[in-house]
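Working notes, beginning with the structure itself.
The values are calculated or read from the model by the stated rules, or taken from the named source; none is laboratory data. Quick caveat: nothing in here was measured; it's all calculated off a predicted structure. So basically every Cβ, Gly included, is an ideal-geometry build from the backbone, and we count neighbours across all protein chains shown.
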Amino acid sequence: MTFVFDPMPTPSLPVAGEDARFPVRRIFCVGRNYAAHAREMGKDPDRDPPFFFTKPADAIVEDKATVPYPPETANFHYEAELVVAIGTGGDNIAQGDALAHVYGYAVGNDLTRRDLQLEAREKGRPWDWGKAFDRSAPIAAIRKASDVGHLSKGSIKLSVNGEVKQDADLSELIWDVPEVISIISASIELKPGDLIMTGTPAGVGALAPGDICIVTIEGLGDLTTTIGPKA
Ligand code: MN
């Protein structure tokens, strides 16, 4: 097959302990999955079905990268998140089978143009401009589930310039990893290479050029992102 121009390379992430990389297909994100964060966003933390948005696979930024401060925002936010990497696809995956579909886990940061997201939310418009912009998905190397096990509890923290801004525990997820996999796969068939960003705890806030933002998840390690000058 030939193409009229070179196709973009497959977005991918390193895998700890492997030379081969994890090819990324899609990035699903869970909205409001910690009660205290739902409250800080002005919403009731209840067990209404979760909702989702997506980011393009090529929004990925690796660990220790610099992300330029993005255009058209004056309120650029961090969001510490556990990322689930799907290794085996499927549809209508039962909760009891869900963890067998997980290749591994990673530390992520759901970078958000909060002003654009909230404007879209208020007007009933799509969230893409607030969530799915260029370089909006810093994600560290994937750790294989066969090495680190499955994560249902453990500290998730975020600091900016050494000051702790988010400090929670994965056990506080309203919808846990098996539930999220089961719910997504009932609607869209999951495929190998899909990533799921599972939502952020309370304490979201703004980043500025020059900031160093570090997300740490117990058992997975760190993700460091430096914010550069305005793009
Ligand atoms: Mn998020």
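Scan region 220-227 and give yes if some residue there is within 20 Å of Val24 (Cα to Cα), in a strand (DSSP E or B) and among the small types (Gly, Ala, Ser), otherwise no. Within region 220-227 (the criterion being within 20 Å of Val24 (Cα to Cα), in a strand (DSSP E or B) and among the small types (Gly, Ala, Ser)), the answer is no, since none of the residues qualifies. When Cys29 is tested against (1) touching a residue at least 24 places away in the same chain (Cβ under 8 Å); (2) more than 15 Å from the ligand (Cβ to nearest atom), only condition (2) is not met. Beta carbons closer than 9 Å, at least 6 apart along the sequence or on distinct chains, pair a first residue in region 96-112 that is under 11 Å from Ser146 (Cα atoms) and among the β-branched types (Val, Ile, Thr) with a second that is away from the ligand (no atom under 16 Å from the Cβ) and in a strand (DSSP E or B) for Val102/Ala85; Val102/Ile86. If only residues of region 125-147 that are crowded, with 20+ Cβ neighbours inside 10 Å and among the aliphatic types (A, V, I, L, M) are counted, the one that is nearest to Ala85 (Cα to Cα) is Ile142. Within the set of pairs 6+ apart or on separate chains, which have a first residue in region 69-82 that is within 26 Å of Ser155 (Cα to Cα), a second that is assigned to a loop (DSSP other than H, G, I, E, B) and more than 10 Å from the ligand (Cβ to nearest atom), and C-beta atoms under 6 Å apart? Partner pairs satisfying both residue conditions: Phe76/Leu207; Tyr78/Leu207.
Determine if region 178-190 includes at least one residue that is in contact with a Ser or Thr (Cβ under 8 Å, 6 or more places away or on another chain), surrounded by fewer than 19 Cβ atoms within 10 Å (Cβ to Cβ) and β-branched (Val, Ile, Thr). Outline the logic, then answer.
From region 178-190, those in contact with a Ser or Thr (Cβ under 8 Å, 6 or more places away or on another chain) are 180; that's our starting set.
From what's left, surrounded by fewer than 19 Cβ atoms within 10 Å (Cβ to Cβ): none.
Within region 178-190, not a single residue is in contact with a Ser or Thr (Cβ under 8 Å, 6 or more places away or on another chain), surrounded by fewer than 19 Cβ atoms within 10 Å (Cβ to Cβ) and β-branched (Val, Ile, Thr).
Restricting the search to region 195-231, which residues are of a type outside the set (S, T, N, Q), closer than 22 Å to Tyr34 by Cβ and away from the ligand (no atom under 16 Å from the Cβ)?
Scanning region 195-231 gives Ile214, Glu218, Gly219, Leu220, Gly221, Asp222.
Give me a count of the residues in region 160-188 that are without any contact (Cβ under 8 Å) to a residue 60 or more places away in the chain and hydroxyl-bearing (Ser, Thr, Tyr). Final tally of qualifying residues: 2.
What residue, of Ala16, Ala65, Ala98, is at pLDDT 95 or above, closer than 16 Å to Thr198 by Cα and away from the ligand (no atom under 15 Å from the Cβ)?
On the way: Ala16 fails: closer than 16 Å to Thr198 by Cα; Ala65 fails: closer than 16 Å to Thr198 by Cα.
Just one listed residue meets the conditions, Ala98.
Residues in region 70-108 that are out of contact with any helix residue (DSSP H, G or I) (no Cβ under 6 Å at 6 or more places or on another chain) and of a type in the set (D, E, K, R): Glu72, Glu79, Glu81, Asp97. From the list Lys157, Lys153, Lys191, Lys123, the one residue that fits, being in contact (Cβ under 8 Å) with a residue 60 or more places away in the chain, of a type in the set (Lys, Arg), closer than 27 Å to Asp46 by Cβ and away from the ligand (no atom under 15 Å from the Cβ), is Lys157.
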